[in-house]
Amino acid sequence: IYKKLFNEEPTYKELSKNMSKIYPIMIEQMNEIIKNAPPLTEDILVYKGLKDQFNPFHKTFISSTLNLKKANDFQNIDCCKAYMILKKGMSALALITISRFNEYEILLPYDTKLKLIAKDSKNINKTLQQSKTVDVYEATN
């Protein structure tokens, strides 16, 4: 990306100085990759372990997992977990086979819309007893 913008190979200092120009391009390209992934053929449930309160309105890529135990590994003992229902037809990128960390990661696009459908829920399934609070979101893009 840097070379395309500035027609030269960057030094570390130049790269650091110009990240504000590079980030938007990186975000756009990564989002394009996710949006071109095959759409989900059914609704799926994914989890996100949290270190502190989740802000569903913060514009960023959202990393999630298909594996509840992995979400628990990322969860701060004093905090919480978010459950997200990914709706049929939405775009998401499964990093399951390419991640060397075996996190069963599902990456959601930068502009994913989350709608809170249950706050501090304890009635979704038996595994919720492992967490202090669980917020449930419906995700679309």
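Scanning the stretch 58-97 for residues that are free of Cβ contacts under 8 Å to residues at least 40 places away in the same chain and either within 21 Å of Lys35 (Cα to Cα) or among the hydrophobic types (A, V, I, L, M, F, W, C) (or both) yields His58, Ala71, Phe74, Ile77, Leu95, Ile96, Thr97.
The sole residue among Ala92, Ala37 that is under 18 Å from Asn141 (Cα atoms), touching a helix residue (DSSP H, G or I) at 6+ places or on another chain (Cβ under 8 Å) and of a type in the set (A, V, I, L, M, F, W, C) is Ala92. Within the stretch 72-92, the set of residues being in contact with a Lys or Arg (Cβ under 7 Å, 6 or more places away or on another chain) and at pLDDT below 90 comprises Gln75, Asn76, Cys79, Cys80, Lys81, Ala82. Open to solvent by 50 Å² or more (accessible area, probe 1.4 Å), farther than 27 Å from Met26 by Cα and touching a residue at least 12 places away in the same chain (Cβ under 8 Å), is that true of Asp52? Here the answer is no, as Asp52 does not meet what is asked.
Filtered by the rule that a residue be open to solvent by 80 Å² or more (accessible area, probe 1.4 Å) and in contact (Cβ under 8 Å) with a residue 40 or more places away in the chain, the stretch 1-35 gives a lone residue, Ile33. Ala37 meets all of the listed conditions (1) modelled with pLDDT of 90 or more; (2) of a type outside the set (Phe, Trp, Tyr); (3) farther than 23 Å from Leu95 by Cα but one, namely (3). Of the residues in the stretch 69-90, at least one is closer than 20 Å to Lys115 by Cα and open to solvent by 100 Å² or more (accessible area, probe 1.4 Å).
The values are calculated or read from the model by the stated rules, or taken from the named source; none is laboratory data. Just so you know, these numbers come straight off a predicted model, no measurement behind them. Ideal geometry is used to build each Cβ from the backbone, glycine not excepted, and the neighbour counts take in all protein chains shown. Heavy atoms of the whole protein, side chains included, go into the accessibility calculation; ligands, DNA and RNA do not. Shrake-Rupley method; radii C 1.70, N 1.55, O 1.52, S 1.80 Å.
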